[in-house]
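Each remark here refers to the structure printed beneath this line.
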Amino acid sequence: MLVAYCAVSCRVVIDNDSCGNATVIRVDRVNKHGILLEAVQVLVDLNLVITKAYISSDGNWFMHVFNVTDQDGSKLHNREVIDHIQKCLESDGYLVPPANGYALPEDQFTSIELTGADRPGLLSEVCAVLATLSCNIVKAEVWTHDGRTAAVIQVTDEATGRAVHDAGRLSRVQELLRDVMRGDGTCNRGGTGISAERRLHTLMLDSVGGGGAEEAGGGRDESGGCGVARPKVVVMDCAERRYTVVILRCRDRPKLLFDTLCALADLQYVVFHGTVDAEGASKDKEAYQEYYIRHVDGHPVRSDAERARLVRCLEAAVERRASNGLELEVWTEDRVGLLSEITRVFRENSLSIIRAAITTRDGKAEDTFYVSDAYGNPVDGRTMDAVGEQLGHAVLRVKRGGHDAPVKHEAEGGAVSVLGSLLKSSFQGLRLIRSYS
């Protein structure tokens, strides 16, 4: 099957015939700044896997080719998905709500952005403040890295189920959250139209300004945390073409291409040519990315300091979303204060939240947390059991070295804390997944 769409300034070809193991998407269109990142976001918002990519955008025209599959490694055959890709790639800007439903109409929520120094229990404190002010968290993305944290949180008014409009109340929310963030922390009203993940990359970079932990490479070991090998980034000169060549190698994972392109965009670099290869037979396959870039001012990298900053920021972009630690997925009936209570249990059991994705759909809370102990080490089994008991009926699946251990079911009548009692009537399920690299 080959589907071609052609507009005056754009041609999109979606081809299922030319490659045996992937759908090939070719985009030819008039060039503009940021268009590569927009195209990749179209694909990752649909949870597609980009196995190969070829990038060329010299002059006023660009041509990108993406080999993509679904999460099961199959080609794309769903007509609605194909039509959605075509529509978005032909549009002037991918600023519409993403297909995965993250963005909501502006009147339906109030967006809050937080940045600052990370510490154990921080998310629990943030959730407690919002619960006290009758703000229900309907969606949130929280990242931590190198002692910093950033969050994009969407809240609604408990009374109306819609955005918070009262100026005095919003001011109070910001005041209390700034107190929670302390020191150099910030709390601001967020905008709409830009994905939370895109904002988080910018916030993590902006939060350290001209030389914080995100950029300081000295004194760090070769591990990216919890035993994950640090990505290998090489920056070289291509003097004859006035490009800087960036080569990145690391273990492949979902949205890796999107994350590295976000870092380059936030640092104000333009990708003129590139090759991406993430195909391989092994489960822990290596991804290879090669870019020919210049700064938006037209110059390649011009100093050792700029080169070091580029390397460190690319490493950080890869590491922020790495699935380090213990993965916890929680499903239950949503209500105001639920997230505050769940995160309080984590804090009381000395768990640190590395990353979190909070989602509410049709009155159901679907939350994912990546946690470690207070020192950044893997969580031990006793702590796991305690958390499971306190949260009520649970299923525990342990992953070691990519293999599932036997599933353990907690007895429904087991020891239950105050939080367990609060959740008992509404808790639908808890899946705990211990992941080791």
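The values are calculated or read from the model by the stated rules, or taken from the named source; none is laboratory data. Because the structure is a prediction, the values reported are computed rather than measured. Don't worry about glycine lacking a Cβ; one is built from the backbone with ideal geometry, like all the others, and counts go over all protein chains shown. Protein only, heavy atoms only, side chains kept; ligands, DNA and RNA dropped before computing areas. Shrake-Rupley method; radii C 1.70, N 1.55, O 1.52, S 1.80 Å.
Remark: spin-label model distance SER171-HIS84 equals 4.2 nm, labels positioned 7 Å along the Cα→Cβ axis. Put simply, the amide H of VAL164, placed in the peptide plane, has neighbours under 5 Å in THR110, ASP157, leaving out anything fewer than 5 places away on its chain.
Summed over the residues of segment 232-322 and divided among them, the accessible surface reaches 43 Å² per residue at a probe radius of 1.4 Å. Here the simple spin-label model places points 7 Å from the Cα toward Cβ, and for TYR375 and THR160 these points are separated by 5.0 nm.
Among the protein heavy atoms, those of GLU319 account for about 10 Å² of accessible surface (1.4 Å probe, every chain in place). Treating r as the C-beta distance of GLU306 and ASN188 and R0 as 25 Å, the FRET efficiency rounds to 0.30.
Taking 23 Å as the limit for the C-alpha separation, the pairs LYS32/LYS285; LYS75/LYS285; LYS255/LYS285 exceed it in the case of LYS32/LYS285.
Summing Cβ point charges (Lys, Arg +1; Asp, Glu -1) relative to the Cα centre of segment 10-90 gives a dipole of roughly 180 debye. Compactness of segment 234-329, taken as the C-alpha radius of gyration over 2.2 N^0.38 Å, stands at 1.15.
Ligands, DNA and RNA left out, the accessible area of segment 232-322 computed with a 1.4 Å probe is 52% carbon and sulfur. When a 1.4 Å probe is rolled over the protein heavy atoms, the share of accessible surface on segment 10-90 that falls to carbon and sulfur comes to 48 percent. Each part gets one Cα centre, and for segment 321-375 versus segment 234-248 those centres are 41 Å apart.
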